[in-house]
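Remarks on the structure that follows.
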Amino acid sequence: MIKKSASQSGTSFFVITASLIIIIYGIIQAQSILVLMLVALFLAVLGAPLVLWLKERRIPSVIAVLAVLACMVIALLMIGGVIATSLTSFSNSLPFYQQRIQEEIYTVRDFIASKGLVIKDNAILEYFNLGAVMNLTAGLLTGLTSTLSSIVLILLTVTFILLEVSSFPVKIRAIMNDPQAEFSQFRKFVGDINHYLLIKTGVSVTTGILIGIWMSILGVDFPVLWGFLAFLLNYVPNIGVVIAAVPAVLLALIQYGFGHAALVAGGYLAVNFIIGTIVEPKIVGRSVGLSTLVVFLSLIFWGSLLGLIGMVLCIPFTMTLKFAFENHEQTRWIAILLGPETPNANEQLEPKKKKSQ
């Protein structure tokens, strides 16, 4: 019996592993369409509370959805127009910036040589290829622009999701054949996701505005572009603000020198400290329910699978997995591992309660 049980466990492990590999491979192959669907789902999650709020005030579903969509379209058109203009100018200026970067590198080389150290030009350009940072920034924004170019498909998907949002509980009750089902755990999970995304969006908008104003005060080129990049990458946990700061600091260095570059870096640090370290944790609280290590690993995992969108939405994805694991006794240990460093005492006692019942 023991050998048979061990054999079954081994078979189950290999089946689960093979299934995960197939799913991951499928995600990679369908990345382009998945990204569009995820952007639509992200917008729908942001718009759903407003739609439900309008419906509670006896506004018909169609009108409520159209009103929310109109706000989204206006916001996307305004943001898209400004960003597209700034991105075009930035891309056209890239050769000039790359040349200035090389000049700065050669200046550093001459300074080092004056101290008695000789470094080959190729070695400097190989290990300090700062021009690649600017190209990477342009490529990142261009990829986002190409995604938003499918705005019609995205908005159609958002429309159908919002039209169906109020009927989801009814359909699930029909599937379960339980008209009185309340889905308290699921409602709490959806509430946590909505709370996180709404707060994170508000914090990101504030971060982008402050960075844009600071860059404008310092006279750095394309302040709107850097503000938008700070807004977008603020969704990326832990390292998003750092990634957003690098090209902006580099551009300030090219334009004005080390003094302005230090001021730009100081502005990013100040905004990140005030918004990200003081304000955001107090507003978001512990609704995320994930350990710091898991947040960082989820950033790497989802980012490698889905690119920038995966990095932006890595927290909601991992929260969804944690919720799924929590609701199955066999996988509940995985949910505990994904959770905070100190699991809730109620979570530790819950299995014992279930067994005693």
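Values quoted throughout were computed directly from the atomic coordinates according to the rules given, and no laboratory measurement underlies them. Just so it is clear, the structure is predicted and the values come from calculations on it, not from any experiment. All Cβ positions, glycine included, derive from the backbone under ideal geometry; neighbour counts span all protein chains shown.
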> For the residue pair Phe317 and Leu337, what label-to-label distance in nm results when each label sits 7 Å from Cα along the Cα-to-beta-carbon direction?
Replying inline: 1.9 nm
>> Between Ile239 and Ala262, what is the label-point separation in nm under the 7 Å Cα-to-beta-carbon projection?
In response: 2.8 nm
>> Assuming 0.36 nm per residue, please report the length gained on full extension of the stretch Ala30 to Val62 beyond their Cα-Cα distance.
In response: 8.4 nm
> What FRET efficiency, computed as 1/(1 + (r/R0)^6) with R0 = 56 Å and r the Cβ-Cβ distance, is obtained for Asn327 and Ser93, rounded to the nearest 0.05?
Replying inline: 0.60
>> Under a crude label model (7 Å from the Cα following the beta-carbon direction), how far is Phe296 from Val15 in nanometres?
In response: 3.7 nm
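Mind jotting down a quarter of the surface of the convex hull over the alpha carbons of the range 288-347, in square nanometres, one decimal?
So the mean shadow area of the Cα hull is 4.0 nm².
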>> Could you tell me how far the Cα centroid of the range 30-68 sits from the Cα centroid of the range 69-85, in Å?
In response: 16 Å
>> Looking at the calculated P(r) for the range 205-251, what percent of the C-alpha pair distances fall above 18 Å?
In response: 16 percent
